[in-house]
Amino acid sequence: MLKYHLFLLLIIFEVSKTFAQFEIKGTIHSDSGRMILIPVGYPDYYPTNHCHCEAIIHNGCFEFSDSIFYPTAFLIGLKKNKGWEYLSDIFFVENGEQDIHCNIDSNRVPPDISNQTMKEYLENFRAGYNSTESKNKGDFILNYTKSHKTSFVALWELIHIMKSGYDPIYDSIYAQFDESIKNTFTGKIVEKKLSESKFKTVVGAKFPLLPLHSININKVIMPVKKENKKYMLIDFWYSHCGACISQFDELKAIYNEYEKLGFQIYGISIDSELYKKDWLNAINKFKLPWTQFWDINGLEAKKLFINSYPTNFLLDKNGVIIKKDISPEELKDFLKNSIR
């Protein structure tokens with residue numbers, strides 16, 4: 001950890017002398033609330049954590065002012081007492097003054113902001129992705145980066161998809177960037193995170209041992225070694241995740257059919273301490289019969305680049321990952337043909 005902090009301080013020292021100011025003047029159809037700039041991925045990617053700005057709305061207007069070194073990606077949201085009332089898609093900020101308009105009725109859409117990086121994003125990257133037949137965004141970013149080696153759009157889009165976990169194509173994408181991109185603060189953090197995560201959750205790797213808490217809040221190391229288990233499904237979820245909960249009925253049917261034949265499920269909740277009771281209540285409400293663990297605040301999940309849920313890993317009896325993000329239908333077919 002000390003080495004990591006020294007690494008960050010060294011990079012910050014190198015770039016801090018060249019920060020420039022950006023100013024954003026914005027409008028939104030709301031007379032109250034807070035507008036918040038939200039980081040894409042972890043705050044680590046932003047020099048000196050310049051990624052969290054807040055502004056109070058006055059008569060439908062708001063302003064941001066902070067320092068950045070190069071085109072930087074954000075999301076922007078409107079928050080009131082009841083929670084988020086608006087959340088945009090990714091957009092880009094450059095140095096200097098910029099105007100931004102947020103349409104409160106258009107969630108998950110880039111806000112209206114004019115600069116050269118946004119022009120590239122909308123006219124080249126986004127338009128190209130929408131017109132391609134490829135459904136794999138990683139493949140598109142790889143091809144895009146090959147012809148746009150100095151593109152900050154490509155860099156931040158790589159960071160954006162890295163939230164779903166490691167994939168070997170991310171290394172291929174990173175390798176295409178020009179040294180001018182790789183040597184930025186953000187570029188070096190991407191390289192470091194790829195290096196740290198590449199061998200942890202890729203198919204063929206042994207699933208790492210995780211320090212977690214049991215349902216009785218005892219500290220344990222997971223996955224638990226059970227000699228009679230041929231396959232194990234590691235399911236990351238949380239108590240307020242609708243997509244996670246929607247799979248429970250199918251998973252219970254699969255578990256009941258194959259558990260005695262050597263199949264096991266381990267559930268790992270990433271609920272925060274605030275939602276501990278909700279986690280326990282969900283286990284009881286949905287009558288989940290398999291072993292449950294608690295990754296408090298999702299700290300271990302973050303180390304594995306897991307930021308979308310549900311995320312699962314199917315392991316063999318040796319703890320080696322053989323499939324990732326397998327659907328209940330695919331899991332049932334696999335066990336039907338593989339387990340004896």
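Sort Cys102, Cys244, Cys61 so the one with the fewest other Cβ atoms within 10 Å of its own Cβ comes first. Walk me through the numbers on the way to the answer.
Details: Cys102 25, Cys244 22, Cys61 14.
The order, fewest Cβ neighbours first, is Cys61, Cys244, Cys102.
Work from the charge dipole of the chain (Cβ charges, +1 for Lys and Arg, -1 for Asp and Glu, about the Cα centre) and give the residue of Asn228, Gly77, Ala243 farthest towards its positive end.
Asn228
Along the charge dipole of the chain, pointing to its positive end and built from +1/-1 on Cβ of Lys, Arg, Asp and Glu, which listed residue (Ser180, Leu87, Ser272) has its Cα farthest out?
Going by the charge dipole, the pick is Ser272.
Using the alpha-carbon atoms, what tilt in degrees (0 to 90, nearest 10) does helix 152-162 show relative to the longest principal axis of the chain?
20 degrees
When the C-alpha atoms of the stretch 119-197 are aligned to their principal axes, what extent does each axis show, in angstrom, from largest down?
Over the stretch 119-197, Cα extents along the principal axes are 34, 25, 17 Å.
Can you list residues whose amide H is under 5 Å from Ile100's amide H, if they're 5+ apart or on another chain and H is modeled 1.01 Å from N?
Lys25, Gly26, Thr27
Size of the dipole of the stretch 210-338 about the Cα centre, Lys and Arg at +1 and Asp and Glu at -1 on the beta carbon, nothing else charged, in debye to 20? Each step should come with its number before you reach the end.
On the way: 18 positive and 16 negative charges, 78 e Å.
Dipole of the stretch 210-338, to the nearest 20 debye: 380 debye.
In whole Å, what are the Cα extents of the stretch 210-338 along the three principal axes, biggest one first?
For the stretch 210-338, the Cα spread along each principal axis is 42, 27, 26 Å.
In debye, nearest 20: dipole of the stretch 174-274 around its Cα centre with unit charges on the Cβ of K, R (+) and D, E (-)?
Values: 14 positive and 12 negative charges, 99 e Å.
Dipole of the stretch 174-274, to the nearest 20 debye: 480 debye.
Compute, for the stretch 119-197, the length of the dipole vector about the Cα centre, with Cβ point charges of +1 (Lys, Arg) and -1 (Asp, Glu) only. Units Debye, rounded to 20. The partial results should precede the final answer.
Numbers: 11 positive and 11 negative charges, 32 e Å.
The calculation lands at about 160 debye.
Based only on other Cβ atoms within 10 Å, what is the fewest-to-most ordering of Leu251, Leu335? Please report the intermediate quantities before stating the final value.
On the way: Leu251 23, Leu335 19.
With the sparsest Cβ surroundings first, the list reads Leu335, Leu251.
At 222 nm, what helix-only mean residue ellipticity would the chain give, in deg cm²/dmol to the nearest 500, using -39500 (n - 2.57) for each DSSP H run of four or more? If you can, show how the numbers build up before the last one.
On the way: 13 runs with 114 residues, N = 340.
-9500 deg cm²/dmol, from helical runs alone.
Would you kindly work out the equivalent ellipsoid of the stretch 18-113 from its C-alpha gyration tensor and give its semi-axes, the square roots of five times the eigenvalues, largest first in whole Å? Provide the component values of the computation, followed by the final result.
On the way: eigenvalues 89, 40, 29 Å².
Calculated on Cα positions only, the semi-axes equal 21, 14, 12 Å.
Neighbour counts of other C-beta atoms within 10 Å: give me Arg108, Arg340, Arg126 arranged from fewest to most. Before the final figure, lay out the partial values.
Numbers: Arg108 10, Arg340 6, Arg126 17.
Final ranking by Cβ density, sparse to dense: Arg340, Arg108, Arg126.
Pull up the cross-link candidates among the lysines for Lys80, meaning alpha carbon to alpha carbon under 23 Å and not fewer than 8 places away within one chain.
By straight Cα distance, Lys80 reaches Lys25.
Under a cut-off of 15 Å between alpha-carbon atoms, report the aspartates and glutamates in cross-link reach of Lys137, not counting same-chain residues fewer than 8 places apart.
Cα-Cα hits under 15 Å: Glu157, Asp167, Asp171.
Compute the projected area of the convex hull of the Cα atoms of the chain, averaged over all viewing directions, and report it in nm² to one decimal place. Write out the running numbers ahead of the final one.
Working: hull surface 76.3 nm².
Its Cα hull, projected and averaged over all orientations, spans 19.1 nm².
Near the amide H of Val320, under 5 Å away, which other amide H atoms are found, from residues 5 or more places off or on another chain, if H is placed in the peptide plane?
It is Phe207, by chain and number.
Give me the lysines in straight-line cross-link reach of Lys285: C-alpha distance below 26 Å, same-chain residues under 8 apart excluded.
The qualifying lysines are Lys82, Lys219, Lys252, Lys260, Lys276, Lys277, Lys332.
For helix 248-258, what angle does its Cα long axis make with the longest principal axis of the chain, in degrees from 0 to 90 and rounded to 10?
That works out to roughly 30 degrees.
None of the figures in this text is laboratory data; all of them are computed from the coordinates on show. These figures come from a predicted structure and were not determined experimentally. Here Cβ is always computed from backbone atoms with ideal geometry, including for glycine, and neighbour counts include all displayed protein chains.
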